[in-house]
Amino acid sequence: MRKLKTYQTSLGFFDLAIAAPSMKAALEAWGADSNLFHQGAAKESDDPDIIAATMAKPGVVLRRPVGSDGPFGERAELPTDLGSGGRPTKATRRSEGRKSKKPPTRPVDKAAERKAAFDYEREQRRRALERAKEEAVRQKDRERRQQAVDKAQAALDKAEQEHAKRAAAIQAEVEALEKRSQTEKARWDKEKERLEAALRRARG
C-alpha cells in the first residue's frame, strides 16, 4: 500500500484537506478541473493537527471555513467574515502555498501510517462499490426506459401497419368505384346516343 500524504487547498468558501497517496488522487477527490499544485493554490501540509485529522479519515475530504485556523471536519459551516474579507485571492493562496514548511512537532508513527494507508484503501474500495451499485441502478433504469421505448415503438409500428392496410383497402375500393363509374358513363353515353337517334327519327 502506498504511503499517504496530507494535501491542502482552498476551494469556494472552504479550506479542504485530504490524506491521499498522490497529488493526482487529491485533485480527483476535490473535483478540481485544473492542477492546483502547479498553480500554487494547493500544497502538501505539514501541520500535525491537519495531518492527524486527515489520517483519521483517509480518503475523505475534510473542510473548514476558508481562511480560518479551526479544526477540519467532514462538515463545516460557511465562513462568518465574508463581508469583511471575502474569499482569499489566488495570489493569497499562492503565497500561502509557498510558505516555508514547519517541522512536524509529532513523532512519525509508522503503525498509524500503515493503518491510515489500509483505511484509505478500504475507503476507496467502499466508494468503488457504491459507484458500482449506483451504476447498476442507473443501468437498470436505462434498461427499463429502453423497454418502455421499445414497447411504445412496437405499438406505433403495429398501428402504422394496420393504418397502411386499411388505407390500401380503401384505396382499392375507391379505384373499383372509379372503374365502375367510368363503365357506367360509357354505357350511358352509348345508350343516350341510341335513344336520341330514335327520338330524332320519331320527330322526323
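The values are calculated or read from the model by the stated rules, or taken from the named source; none is laboratory data. For clarity, every value in this text was computed on a predicted model and none was experimentally measured. Here the Cβ is made from the backbone with ideal geometry for all residues, glycine too, and neighbour counts use every protein chain on show. SASA here: full protein model, heavy atoms, side chains in, ligands and nucleic acids out. Shrake-Rupley method; radii C 1.70, N 1.55, O 1.52, S 1.80 Å.
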### Residues satisfying the stated conditions in the stretch 19-48, i.e. farther than 20 Å from residue 117 by Cβ and not hydrophobic (A, V, I, L, M, F, W, C)
31, 33, 34, 35, 38, 39, 40, 43
### Task
State whether one or more residues within the stretch 174-186 are under 50 Å from the mean Cα position of the chain (by Cα), among the polar types (S, T, N, Q), in a helix (DSSP H, G or I) and at pLDDT 90 or above.
no
### Summary
(1) open to solvent by 30 Å² or more (accessible area, probe 1.4 Å); (2) part of a loop (DSSP other than H, G, I, E, B) all hold for residue 70 apart from (1)
### Query
Scanning for something of a type in the set (Phe, Trp, Tyr) and either modelled with pLDDT under 65 or closer than 15 Å to residue 47 by Cα (or both), does the stretch 71-86 turn up at least one residue?
yes
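I'm trying to understand the selection: among the residues of the stretch 33-52, which are of a type in the set (A, V, I, L, M) and open to solvent by less than 30 Å² (accessible area, probe 1.4 Å)? It would help to see each step written out before you state the result.
Residues of the stretch 33-52 of a type in the set (A, V, I, L, M): 36, 41-42, 50-52.
Hits for the stretch 33-52 are 36, 41, 42, 50.
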